[in-house]
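J.: One structure, as structure tokens, below. Some questions next.
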Amino acid sequence: MEITWLGHSCFRLRSRPATVVTDPYDKDLGLILPRVRADIVTVSHDAPDHNYVRGVKGDFKVLSGPGEYEVSGVFVTGLELSDRRAGGKAARDAAALRNTVFLIEFDDLTVCHLGDLNTVPAQAMVEESLSSVDVLLIPVGGGESLSAAQAAEVVSLLEPHIVIPMHYRFKGSSLKLDGVAKFLKEMGLDKADEQEVLKLERSGLPEETQVVLLELKSKDE
């Protein structure tokens with residue numbers, strides 16, 4: 001499996017069975033989404049910086065809510081998990097307040113994309129549904145999602161092999177979020193080397209949890 005970060009909460013997960021793109025974003029983010037092709041597109045919640053499926057190429061299936069799915073040999077489980085409050089505009093849109101966590105299984109690996117999660121899951125939820133995560137894609141920049149400290153707590157609960165931070169401030173983003181350094185500090189790290197693409201197979205997973213920073217891919221294919 002190859003994992004590429006396209007910015008914000010958007011990743012491309014590519015393997016022999018299929019290519020998955022998570023949470024594509026529109027130009028209001030302050031960054032242009034690279035034109036990538038997918039067989040499956042997951043949308044964690046109905047907001048422009050997470051649901052811009054028109055920016056993805058190909059004849060793909062959109063998964064945008066709880067359920068169990070099988071597409072092109074890839075098994076995907078969607079779990080509704082959030083603690084969003086309908087403040088501000090009364091409830092901007094009920095759909096936008098929901099958050100779907102996706103567990104994506106292929107190549108004998110389970111990747112968990114937490115979307116815009118803003119609450120630490122209960123131990124019972126972890127034991128029931130999130131106990132076998134190999135790669136965790138986790139928001140760390142605060143705002144309307146997990147803070148750096150909350151993200152570190154979630155990592156300690158799930159104990160994945162690989163942790164990839166997302167949804168944090170980076171060059172070009174217009175969102176007011178913390179940078180990734182806060183999360184690294186919470187994880188007891190001074191820094192982490194960036195990789196262009198993460199290539200994984202089960203036999204190569206580290207025994208101890210490892211944080212991996214991915215470089216932003218900004219070019220079309």
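The values are calculated or read from the model by the stated rules, or taken from the named source; none is laboratory data. Because the structure is predicted, anything quoted here is derived from the model rather than measured. Note that each Cβ is placed from the backbone with ideal geometry, even for glycine, and that neighbours are counted across all protein chains shown.
J.: Would you mind stating whether Glu144 is acidic (Asp, Glu) and in contact (Cβ under 8 Å) with a residue 12 or more places away in the chain?
T.: yes
J.: Please indicate, with yes or no, whether at least one residue in the stretch 162-174 is without any contact (Cβ under 8 Å) to a residue 40 or more places away in the chain and surrounded by 22 or more Cβ atoms within 10 Å (Cβ to Cβ).
T.: Checking the stretch 162-174: at least one residue is without any contact (Cβ under 8 Å) to a residue 40 or more places away in the chain and surrounded by 22 or more Cβ atoms within 10 Å (Cβ to Cβ).
J.: Check Lys61 against each of (1) over 17 Å from the mean Cα position of the chain (by Cα); (2) under 26 Å from Ala151 (Cα atoms); (3) at pLDDT 95 or above and name the one condition it does not meet.
T.: In the conditions (1) over 17 Å from the mean Cα position of the chain (by Cα); (2) under 26 Å from Ala151 (Cα atoms); (3) at pLDDT 95 or above, Lys61 misses (2) alone.
J.: A further question follows. Exactly one condition in (1) assigned to a loop (DSSP other than H, G, I, E, B); (2) farther than 16 Å from Leu79 by Cβ is false for Val163; which is it?
T.: (1)
J.: Tell me, which residue of the stretch 211-221 that is at pLDDT 95 or above and not β-branched (Val, Ile, Thr) is farthest from Phe11 (Cα to Cα)? Working first, answer last.
T.: Initial filter on the stretch 211-221 (at pLDDT 95 or above): 211-214.
From what is left, the residues that are not β-branched (Val, Ile, Thr) are 213-214.
Details: Leu213: 12, Leu214: 10 Å.
Filtering first and then ranking leaves Leu213.
J.: Report every pair of residues separated by at least 6 positions or lying on different chains whose Cβ atoms are under 7 Å apart, first residue within the stretch 16-30 and closer than 11 Å to Val53 by Cβ, second surrounded by 16 or more Cβ atoms within 10 Å (Cβ to Cβ) and among the basic types (Lys, Arg).
T.: Val21/Arg12
J.: Condition check: in a loop (DSSP other than H, G, I, E, B), under 12 Å from Leu114 (Cβ atoms) and polar (S, T, N, Q). Does Ser131 satisfy that?
T.: For Ser131, the condition - in a loop (DSSP other than H, G, I, E, B), under 12 Å from Leu114 (Cβ atoms) and polar (S, T, N, Q) - is not met.
J.: Identify all residues within the stretch 45-74 that are closer than 17 Å to Glu105 by Cβ and either among the hydrophobic types (A, V, I, L, M, F, W, C) or surrounded by 15 or more Cβ atoms within 10 Å (Cβ to Cβ) (or both); write none if there are none.
T.: So the first thing to find is which residues in the stretch 45-74 are closer than 17 Å to Glu105 by Cβ, and the list is 61, 63, 66-74.
Passing the criteria: Lys61, Leu63, Tyr69, Val71, Val74.
J.: When you look at Gly67, is it over 16 Å from Leu13 (Cα atoms), modelled with pLDDT of 95 or more and out of contact with any helix residue (DSSP H, G or I) (no Cβ under 6 Å at 6 or more places or on another chain), yes or no?
T.: yes
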